[in-house]
Amino acid sequence: MKLTHIDSDGKAQMVDISGKAETEREAKAKGHVRMSRETYELIKGGHGPKGDIFTVAKIAGIMGAKKTHTLIPLCHPLSITHIDVHYDFIDNESTVEITSTVRTKGQTGVEMEALTCSTIVALTIYDMCKAIDKGIELGPFYLIEKSGGKSGTFRKQ
């Protein structure tokens, strides 16, 4: 298997996407924030010690996804057409499950943007709750599906 971000001399390079066709692309990623039962019950309604946790975290995730190319070396700046964040509450684990969806029409995928979004959302939830629970655990984070481009569709099994 050839690594795309390594040139023939083994040095890092940005992948040349100029010859790739523009296609509709979408990626979804998940992230998890696990906390004490007390904190979970307190914030499940959306408000915590710093205010509206889930709206602020969603906005932070959207902003993070849009700035992925400034955070991760060799990522291409993209014209993102849609970003969404959805929360599921897993009561028996005191866990907030984050699902981020990112779309574009372009020459490269949005997997890194979806993963960045979920991660920034989780970090923001931590930041907004750390005053009451410093033991909050973040992760795992992973790609659940992607579509578009030469490699087609991927779904995590």
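Given the condition more than 24 Å from Leu78 (Cβ to Cβ) and either within 24 Å of the chain's Cα centre (by Cα) or small (Gly, Ala, Ser) (or both), answer yes or no: does some residue in segment 12-32 qualify?
Yes, some residue in segment 12-32 is more than 24 Å from Leu78 (Cβ to Cβ) and either within 24 Å of the chain's Cα centre (by Cα) or small (Gly, Ala, Ser) (or both).
Return yes when Tyr142 is under 16 Å from the mean Cα position of the chain (by Cα), at pLDDT 95 or above, under 19 Å from Asp52 (Cα atoms) and open to solvent by 50 Å² or more (accessible area, probe 1.4 Å) and no when it is not.
no
Does any residue in segment 105-128 that is touching a residue at least 40 places away in the same chain (Cβ under 8 Å) come within less than 6 Å, Cβ to Cβ, of a residue that is part of a strand (DSSP E or B) and surrounded by fewer than 20 Cβ atoms within 10 Å (Cβ to Cβ) six or more places away or on a different chain, and which pairs are these?
Lys105/Glu24; Glu111/Leu143; Ala122/Leu138
Can you find, within segment 43-66, the residue that is farthest from Asp91 (Cα to Cα) among those that are β-branched (Val, Ile, Thr) and in contact with a helix residue (DSSP H, G or I) (Cβ under 8 Å, 6 or more places away or on another chain)?
Ile62
Take segment 1-46 and flag every residue that is closer than 22 Å to Tyr142 by Cα and open to solvent by 100 Å² or more (accessible area, probe 1.4 Å).
Correct list: Met1, Leu3, Glu24, Arg34.
Quick check on segment 124-139: of everything there that is touching a strand residue (DSSP E or B) at 6+ places or on another chain (Cβ under 7 Å) and assigned to a helix (DSSP H, G or I), which residue is surrounded by the most Cβ atoms within 10 Å (Cβ to Cβ)?
The selected residue is Ile125.
The values are calculated or read from the model by the stated rules, or taken from the named source; none is laboratory data. Since the model is a prediction, treat every value here as computed from it, not as a measurement. We place every Cβ from the backbone using ideal geometry, glycine too, and count neighbours over all the protein chains shown. When the accessible area is computed, the model is the full protein with side chains, heavy atoms only, and any ligands, DNA or RNA have been set aside. Shrake-Rupley method; radii C 1.70, N 1.55, O 1.52, S 1.80 Å.
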